[in-house]
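Engineer: The structure under discussion is supplied below as structure tokens; questions concerning it will follow.
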Amino acid sequence: MPDIAVYPGSFDPITNGHLDLIQRALKIFDRIIVAVATNAFKKSLFTIEERMEMCRVSLADYPMVSIDTFDGLLVKYATSQKARAILRGLRAVTDFEYEFQLAMMNRRLEPEIETVFLMTGLRWIFLSSSILKEAAVHGGDIAGMVPEIVFHKLREKFGLK
């Protein structure tokens, strides 16, 4: 039975920080499912289809990574995928508080699913999708922080040349 981890998130959009985390997690897990969340309470810049496409293209060289979408309880989704872990990235202490609460709730709901935290690579410690979008909307140079498809999609979305 392969060791499967679910890496959930909005991925609005996927960044090089996300890719770094996935690449390192592949040294631990046989397979990773990038689970793009559909959250009715969160306003996304990109549609679920656009986010999934950007993830698919960005991770095309990794056959052990699959892209899926989910709605509802993460632990139920993870269980349905036969995953043994939920993968989460931590950038700073502020991330830890929120992620710790989620991990404890998930453990309470489904004790068989572990949450595995990986520290963000130092190169990407400052990077979040929100900060990235803020820079992009104002014409900031985000090259090298996102996969090429995301770079072009953000420029297109914000009407930049």
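Engineer: Conditions: (1) of a type outside the set (D, E, K, R); (2) at pLDDT below 95; (3) farther than 30 Å from Pro2 by Cβ. Met145 meets all but one. Number of the miss?
Structural biologist: Condition (2) is where Met145 drops out.
Engineer: Out of the stretch 34-48, which residues are within 18 Å of Leu87 (Cα to Cα) and surrounded by fewer than 22 Cβ atoms within 10 Å (Cβ to Cβ)?
Structural biologist: Ala37, Thr38
Engineer: Of all the residues that make up the stretch 1-39, how many are in contact with a His (Cβ under 9 Å, 6 or more places away or on another chain) and in a loop (DSSP other than H, G, I, E, B)?
Structural biologist: Residues flagged as in contact with a His (Cβ under 9 Å, 6 or more places away or on another chain) and in a loop (DSSP other than H, G, I, E, B) within the stretch 1-39 amount to 1.
Engineer: Given the conditions (1) loosely packed, with under 14 Cβ neighbours inside 10 Å; (2) among the basic types (Lys, Arg); (3) in contact with an Asp or Glu (Cβ under 8 Å, 6 or more places away or on another chain), and given that Arg51 satisfies all but one, which numbered condition is not satisfied?
Structural biologist: Failing condition for Arg51: (1).
Engineer: Against the definition (on the phi < 0 side of the Ramachandran plot, surrounded by 15 or more Cβ atoms within 10 Å (Cβ to Cβ) and not small (Gly, Ala, Ser)), how does Met64 come out, yes or no?
Structural biologist: Taking the combined requirement at face value, the residue does not satisfy it.
Engineer: Among the residues of the stretch 52-74, how many are in a helix (DSSP H, G or I) and out of contact with any Leu (no Cβ under 9 Å at 6 or more places or on another chain)?
Structural biologist: Matching residues across the stretch 52-74 total 6.
Engineer: Also, quick follow-up: Filter the stretch 146-161 down to the residues that are hydrophobic (A, V, I, L, M, F, W, C) and closer than 15 Å to Leu19 by Cβ and list them by number.
Structural biologist: Val146, Ile149, Val150, Phe151
Conditions tested, residue by residue: (1) in a helix (DSSP H, G or I); (2) surrounded by 13 or more Cβ atoms within 10 Å (Cβ to Cβ); (3) at pLDDT 95 or above; (4) touching a strand residue (DSSP E or B) at 6+ places or on another chain (Cβ under 6 Å).
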residue	(1), (2), (3), (4)
Ala78	yes, yes, yes, yes
Ile86	no, yes, yes, yes
Thr94	yes, no, no, no
Ala103	yes, yes, yes, yes
Glu112	no, no, yes, no
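Engineer: If I filter the stretch 116-134 for residues that are among the charged types (D, E, K, R), outside any loop (DSSP other than H, G, I, E, B) and in contact with a Ser or Thr (Cβ under 9 Å, 6 or more places away or on another chain), do I get at least one hit? Quick ask: steps written out before the conclusion?
Structural biologist: Step one: filter the stretch 116-134 for residues among the charged types (D, E, K, R), giving 123, 133-134.
Those still in the list that are outside any loop (DSSP other than H, G, I, E, B) too: 123, 133-134.
Still in the list and also in contact with a Ser or Thr (Cβ under 9 Å, 6 or more places away or on another chain): none.
No, the stretch 116-134 has no match at all.
Listed here are the residues, each with its yes/no results for (1) touching a residue at least 24 places away in the same chain (Cβ under 8 Å); (2) in contact with a strand residue (DSSP E or B) (Cβ under 6 Å, 6 or more places away or on another chain); (3) under 18 Å from Gly121 (Cβ atoms).
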residue	(1), (2), (3)
Ala25	yes, yes, yes
Asp30	yes, no, no
Val36	yes, yes, no
Glu50	yes, no, no
Met54	yes, no, no
Tyr62	yes, no, yes
Glu99	no, yes, yes
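Engineer: Hey, among the residues in the stretch 114-127 that are touching a residue at least 40 places away in the same chain (Cβ under 8 Å) and more than 17 Å from Glu97 (Cα to Cα), which one's surrounded by the most Cβ atoms within 10 Å (Cβ to Cβ)?
Structural biologist: Looking at the filtered set, the residue picked out is Leu127.
The values are calculated or read from the model by the stated rules, or taken from the named source; none is laboratory data. Note that the structure is predicted; figures quoted are calculated from it, not measured. Here the Cβ is made from the backbone with ideal geometry for all residues, glycine too, and neighbour counts use every protein chain on show.
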